[in-house]
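The values are calculated or read from the model by the stated rules, or taken from the named source; none is laboratory data. Remember, predicted model here, so these are calculated numbers, not experimental data. Cβ sites come from the backbone with ideal geometry, for glycine too, and all protein chains shown count toward neighbours. Side chains are part of the model used for accessible areas, which takes the heavy atoms of the whole protein and leaves out ligands, DNA and RNA. Shrake-Rupley method; radii C 1.70, N 1.55, O 1.52, S 1.80 Å.
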Amino acid sequence: EAGVVQSPRYKIIEKKQPVAFWCNPISGHNTLYWYRQNLGQGPELLIRYENEEAVDDSQLPKDRFSAERLKGVDSTLKIQPAELGDSAVYLCASSGQGGETQYFGPGTRLLVL
Amino acid sequence: SQQGEEDPQALSIQEGENATMNCSYKTSINNLQWYRQNSGRGLVHLILIRSNEREKHSGRLRVTLDTSKKSSSLLITASRAADTASYFCATPPNTGNQFYFGTGTSLTVIP
């Protein structure tokens, strides 16, 4: 069974540029999460989807971040425009029925110059 | 802000020794989980303990939970170099609790 797939693995951009991250969860997992992890810290939840509905986006900086999961399968997280402080690892995770255990992708490491 | 804190922040031990890391939190929980993260990789679920459990074992892992003190500990026995990673305590985001992930303990096992 394939795990959670994320792309790209690494991204370097200049500030004020847009960037997008893509995630394909484990087949059959209805719940999808996007986290941001700063160096030396634990992941912080940005948004949680149940199928195509964003049920918790309270921590998503909505002025510059947006996310979508149009068909309830894969998802895209976008930052526009990027700021220096957005440099971090962006992790995607998914969970199945019950949702207790999250399965994480390898993450996208973003560097904003 | 993260409402789960782990102690110590960093731990270095010799191979074969036991490693203990602690997690303190502020919210009510239904269950608590521990995850491992190898450098540059995603997190991997290790073990889950429910609020009505006090201790749980899985291979070389032993987890304890004290809900009255809002604390948990993870013990790794007979450590191996491959155990070198960061370890995080966590609660599931879909339960309505705000805890989610702790600050992490960075474990180094020296061969």
Residue set B:GLY4, B:GLY40; condition within 11 Å of chain A (Cβ to nearest Cβ) and either at negative phi or open to solvent by 60 Å² or more (accessible area, probe 1.4 Å) (or both); output residue B:GLY4
Filtering segment A:101-113 down to residues that are open to solvent by 10 Å² or more (accessible area, probe 1.4 Å), within 13 Å of chain B (Cβ to nearest Cβ) and in a loop (DSSP other than H, G, I, E, B) yields A:THR101, A:PRO106
Taking segment A:84-100 and keeping only residues that are at pLDDT 90 or above and facing chain B (nearest Cβ under 7 Å), one is left with A:LEU91
Wholly inside segment A:1-100, strands (runs of 3 or more DSSP E) that include 1 or more residues that are of a type in the set (A, V, I, L, M, F, W, C) and surrounded by fewer than 17 Cβ atoms within 10 Å (Cβ to Cβ) are A:5-7, A:10-13, A:19-24, A:53-56
Exactly one of B:ARG50, B:ARG60, B:ARG36 is out of contact with any helix residue (DSSP H, G or I) (no Cβ under 6 Å at 6 or more places or on another chain), more than 20 Å from A:GLY105 (Cβ to Cβ) and modelled with pLDDT of 95 or more, and that residue is B:ARG60
Turns out the strands (runs of 3 or more DSSP E) fully within segment B:46-97 with at least 2 residues that are within 19 Å of B:ASN18 (Cβ to Cβ) and in contact with a Gly (Cβ under 9 Å, 6 or more places away or on another chain) are B:85-90
For this session: May I ask you to verify whether A:ASP74 is of a type in the set (Asp, Glu) and touching a helix residue (DSSP H, G or I) at 6+ places or on another chain (Cβ under 7 Å)?
Result: no
In the set A:ALA93, A:ALA88, A:ALA54, A:ALA82, the lone residue that is without any contact (Cβ under 8 Å) to a residue 24 or more places away in the chain and of a type in the set (A, V, I, L, M, F, W, C) is A:ALA54
Given (1) more than 9 Å from chain A (Cβ to nearest Cβ); (2) over 30 Å from A:VAL55 (Cβ atoms), B:SER106 misses just (1)
